[in-house]
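The values are calculated or read from the model by the stated rules, or taken from the named source; none is laboratory data. The structure presented is a predicted model; accordingly, all values stated were derived computationally and were not measured. Every residue, glycine among them, receives a Cβ derived from its backbone with ideal geometry; neighbour counts consider all protein chains shown. The accessibility values were calculated without ligands, DNA or RNA, using every heavy atom of the protein model including side chains. Shrake-Rupley method; radii C 1.70, N 1.55, O 1.52, S 1.80 Å.
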Amino acid sequence: MHSRRFFAIRVARLLAPTFLFLSFLLHIEAQQRRGARPTPEERPRLVLLIVVDQFRYDYLERFGDLFSNNGIRRLLREGASWTNANFDHTPTETAPGHATLMTGTWPANTGIVGNSWFDRDAGKVVTSVSDDSSALLGGGAQEAASSPRRLLASTLGDELRLATQGRAKVIGISLKDRSAILPAGRYATAAYWFSSETGHMVSSTYYFNQLPTWVARFNQGRPADKYFGARWERLLPEAEYARRAGQDAPPWENIGKAKDTNTFPHIINGGATQPGREFYDALEYSPFANELIEEFAEQAIVNEGLGADQETDVLAVSFSANDYVGHRFGPYSHEAMDMALRVDRTIERLLAFVESRVGLRRTLVVFTADHGVAPVPEHAAALNLLGGRVKRDDVLNAIRSALRARYGRGSNDERINEYIQSFSNGNIYFNLAALRRDGLNREEVERTAAEAALTVPGVVRCFTRTQLETFGISPADPIARRVYHGFHPRRSGELILVYEPFKFLSEFPAGTTHGAPYSYDTHVPLVIMGPGIIPGKYHQAATPADIAPTLATLLGVQPPSSATGRVLLEAVRAESR
């Protein structure tokens with residue numbers, strides 16, 4: 001017995017180094033497998049980014065039980081969803097939000113500091129995607145071209161195309177040019193948006209010299225025109241809407257001069273007798289515009305062969321009609337609720353089509369929004385939430401009065417009016433040449449103007465360029481941090497204004513908007529479904545800037561150039577890291 005035990009101990013000692021060596025080899029192999037780029041057979045064939053413009057997170061809670069089983073509910077059921085996803089920048093607008101999604105970073109790095117801003121070099125306000133060097137394809141004679149030339153960071157799609165020598169296809173589609181262009185990136189295959197002059201899906205010569213044959217064929221069918229005179233009714237009984245969205249046509253639901261009503265049914269014709277500009281404008285304020293975009297997305301999948309080979313393609317689809325309707329009627333309206341229910345059905349159709357052509361097991365699907373929206377100020381005020389509208393002239397007059405008192409040579413000194421060059425995107429831009437001409441210190445002028453702006457009712461914070469450029473804010477202050485993340489030295493102004501909650505800059509008592517650093521504008525859905533994702537509900541803090549780094553990890557490609565978001569490791573399977 002003793003000799004057998006002694007023999008076993010000697011054999012174990014002799015074999016121990018072999019076992020250790022084998023364990024080491026297995027460990028190295030596992031590390032290499034985790035760090036290696038997925039093989040063509042393992043890699044997803046398609047990344048499908050679904051953005052619903054102005055889709056607040058609370059729509060999931062307020063209306064989620066009414067969604068179809070295989071639309072957004074499928075994404076929530078089979079994907080990973082984050083309950084605490086907030087944009088960490090301001091302004092929370094369409095262009096900055098869409099740019100963040102696939103670059104993985106803030107406006108401070110993308111350069112997309114708003115839907116528009118004052119361009120000092122050009123001496124005028126420009127849009128986030130305006131491009132005088134390109135021509136529009138398929139649009140009206142008076143319509144300008146658009147491109148991603150103002151985007152200063154690469155996107156996930158750009159990195160995929162770099163990694164595949166251009167074999168991966170990356171396409172963006174939306175009603176809005178900025179929503180189609182910015183998620184796709186600078187090296188995209190194409191971006192398409194809707195022309196409200198021609199009713200066509202259009203693009204620009206930034207991508208190609210003429211529209212692809214399949215796009216021209218789609219336009220020849222005049223698909224938008226089939227909705228002329230369409231009757232938009234509620235999807236469900238009116239009582240369901242009253243219970244969840246309040247009364248229909250309340251006093252604060254002022255639609256201004258729009259050729260529409262604030263009650264159902266809505267007849268989609270824009271007051272015209274035949275399809276034309278008025279009708280195409282009206283179409284954008286209806287669920288039928290989202291249906292048109294989904295129809296076009298299907299054609300893109302088929303004709304571009306998206307997801308048909310071993311290279312991972314990207315299709316970014318942004319549904320803009322929810323934003324148009326939300327601006328007009330507000331988030332607590334029957335119209336906004338119906339748009340949420342109907343875009344869910346539209347997403348269900350898109351997912352079913354991708355399932356049939358590519359397979360959802362081979363597709364990474366992302367569902368999110370570019371921003372939320374504030375309640376209509378008059379509605380907020382009726383609820384004692386201190387809603388209100390700040391007048392542009394009140395801000396400008398307060399600043400000019402303070403500058404005149406400090407630097408003027410009399411009450412009628414016209415030079416003071418030259419000191420403010422533009423008030424755009426919540427930014428006050430000084431005429432720096434005029435300040436130099438008069439020997440004024442910019443930092444001192446900033447302080448004087450900021451103190452004056454803070455005397456205007458409704459203005460709660462005012463940040464100066466000097467303060468932001470010298471890191472004179474605390475990262476622990478979430479409002480200041482979001483302003484800092486939205487500041488770009490060449491594109492932002494000398495003052496950045498923040499209004500009180502439930503208040504914003506507005507000239508007319510109609511509709512609502514977004515752009516604030518508050519939860520109703522920052523809190524959005526974030527859902528990822530597909531290979532390598534662990535389904536479930538996650539309560540960790542997240543931001544839409546985390547989407548691109550997470551997708552890059554899942555696909556085994558370089559993250560976008562300026563990515564600052566984190567990889568959402570809590571929902572990434574170990575073998576996919």
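Take the conditions surrounded by fewer than 17 Cβ atoms within 10 Å (Cβ to Cβ), farther than 18 Å from TYR499 by Cα, more than 26 Å from the chain's Cα centre (by Cα) and of a type outside the set (D, E, K, R) and apply them to PHE430. Does it pass? Before the answer, list the steps.
Working: surrounded by fewer than 17 Cβ atoms within 10 Å (Cβ to Cβ): no; farther than 18 Å from TYR499 by Cα: yes; more than 26 Å from the chain's Cα centre (by Cα): yes; of a type outside the set (D, E, K, R): yes.
It is false that PHE430 is surrounded by fewer than 17 Cβ atoms within 10 Å (Cβ to Cβ), farther than 18 Å from TYR499 by Cα, more than 26 Å from the chain's Cα centre (by Cα) and of a type outside the set (D, E, K, R).
Among the residues of the stretch 288-306, is any of a type in the set (Gly, Ala, Ser), in contact with a Phe, Trp or Tyr (Cβ under 6 Å, 6 or more places away or on another chain) and over 25 Å from LEU554 (Cβ atoms)?
Within the stretch 288-306, none of the residues are of a type in the set (Gly, Ala, Ser), in contact with a Phe, Trp or Tyr (Cβ under 6 Å, 6 or more places away or on another chain) and over 25 Å from LEU554 (Cβ atoms).
Condition first: assigned to a strand (DSSP E or B) and out of contact with any helix residue (DSSP H, G or I) (no Cβ under 9 Å at 6 or more places or on another chain). Now tell me which residues in the stretch 360-412 satisfy that.
VAL390
Check every one of the strands (runs of 3 or more DSSP E) wholly within the stretch 95-192 and list those with 1 or more residues that are of a type in the set (Lys, Arg). Talk me through it step by step, then tell me what you get.
Details: elements: 116-119, 124-127, 170-174.
In the stretch 95-192, 124-127 are the strands (runs of 3 or more DSSP E) which contain 1 or more residues that are of a type in the set (Lys, Arg).
Out of the stretch 77-93, which residues are part of a strand (DSSP E or B) and open to solvent by 20 Å² or more (accessible area, probe 1.4 Å)?
Matches in the stretch 77-93: THR83, ASN84, ASN86.
State all residues of the stretch 297-330 that are in a loop (DSSP other than H, G, I, E, B) and crowded, with 24+ Cβ neighbours inside 10 Å; if no residue qualifies, say none.
LEU306, THR312, SER320, GLY330
In the stretch 506-565, how many residues are within 22 Å of ARG74 (Cβ to Cβ) and of a type in the set (Phe, Trp, Tyr)?
Count: 1.
For residues in the stretch 248-296 being buried (at least 16 other Cβ atoms within 10 Å of the Cβ) and polar (S, T, N, Q), which is farthest from GLY359 (Cα to Cα)?
Residue satisfying both the conditions and the ranking: ASN254.
Based on what the data block shows, is HIS327 touching an Asp or Glu at 6+ places or on another chain (Cβ under 6 Å) and at pLDDT 95 or above?
In short, no.
Name the residue that is surrounded by the most Cβ atoms within 10 Å (Cβ to Cβ), counting only residues in the stretch 375-389 that are among the hydrophobic types (A, V, I, L, M, F, W, C) and under 29 Å from THR543 (Cα atoms).
Let us first name the residues in the stretch 375-389 that are among the hydrophobic types (A, V, I, L, M, F, W, C), namely 376, 380-383, 385-386.
Checking which are under 29 Å from THR543 (Cα atoms) leaves us with 376, 380, 385-386.
Values: VAL376: 27, ALA380: 22, LEU385: 14, LEU386: 13.
Only one residue tops the list, namely VAL376.
Of the conditions (1) under 26 Å from the mean Cα position of the chain (by Cα); (2) surrounded by fewer than 19 Cβ atoms within 10 Å (Cβ to Cβ); (3) hydrophobic (A, V, I, L, M, F, W, C), ALA216 satisfies every one except a single condition; which number is it?
The failed condition is (1).
Take ARG178 and tell me if it is closer than 17 Å to SER134 by Cα, at pLDDT 95 or above and among the basic types (Lys, Arg).
Yes; evaluated as a whole, the condition is true for this residue.
If the Cβ limit is 6 Å and pairs must be 6+ apart or interchain, which residue in the stretch 516-539 that is open to solvent by 10 Å² or more (accessible area, probe 1.4 Å) pairs with which residue that is of a type in the set (Phe, Trp, Tyr) and modelled with pLDDT of 95 or more?
That search, which allows pairs on different chains as well, returns HIS523/TYR57; TYR538/TRP82.
Exactly one condition in (1) under 29 Å from PHE55 (Cβ atoms); (2) touching a residue at least 40 places away in the same chain (Cβ under 8 Å); (3) open to solvent by less than 60 Å² (accessible area, probe 1.4 Å) is not met by PHE463; state its number.
Failing condition for PHE463: (2).
Please specify each residue of the stretch 350-374 satisfying the condition of being open to solvent by less than 10 Å² (accessible area, probe 1.4 Å) and either more than 24 Å from TRP82 (Cβ to Cβ) or among the aromatic types (Phe, Trp, Tyr) (or both).
Passing the criteria: only PHE367.
Every residue in the stretch 546-577 that is open to solvent by less than 30 Å² (accessible area, probe 1.4 Å) and touching an Asp or Glu at 6+ places or on another chain (Cβ under 7 Å), please.
Hits for the stretch 546-577 are ALA552, VAL557, PRO560, GLY565, LEU568.
Check whether at least one residue in the stretch 512-533 is under 15 Å from GLU93 (Cβ atoms) and in contact with a helix residue (DSSP H, G or I) (Cβ under 6 Å, 6 or more places away or on another chain), and report yes or no.
There is at least one residue in the stretch 512-533 that is under 15 Å from GLU93 (Cβ atoms) and in contact with a helix residue (DSSP H, G or I) (Cβ under 6 Å, 6 or more places away or on another chain).
Identify, by number, the condition in (1) in a loop (DSSP other than H, G, I, E, B); (2) open to solvent by less than 10 Å² (accessible area, probe 1.4 Å) that ILE347 doesn't meet.
(1)
Which of the numbered conditions does GLY408 fail, given that it passes all the others? Conditions: (1) surrounded by 14 or more Cβ atoms within 10 Å (Cβ to Cβ); (2) touching a residue at least 12 places away in the same chain (Cβ under 8 Å); (3) not basic (Lys, Arg).
For GLY408, the failing item is (2).
Could you tell me which residue of the stretch 411-427 is farthest from VAL498 (Cα to Cα), considering only residues that are surrounded by 14 or more Cβ atoms within 10 Å (Cβ to Cβ) and among the hydroxyl-bearing types (Ser, Thr, Tyr)?
TYR419
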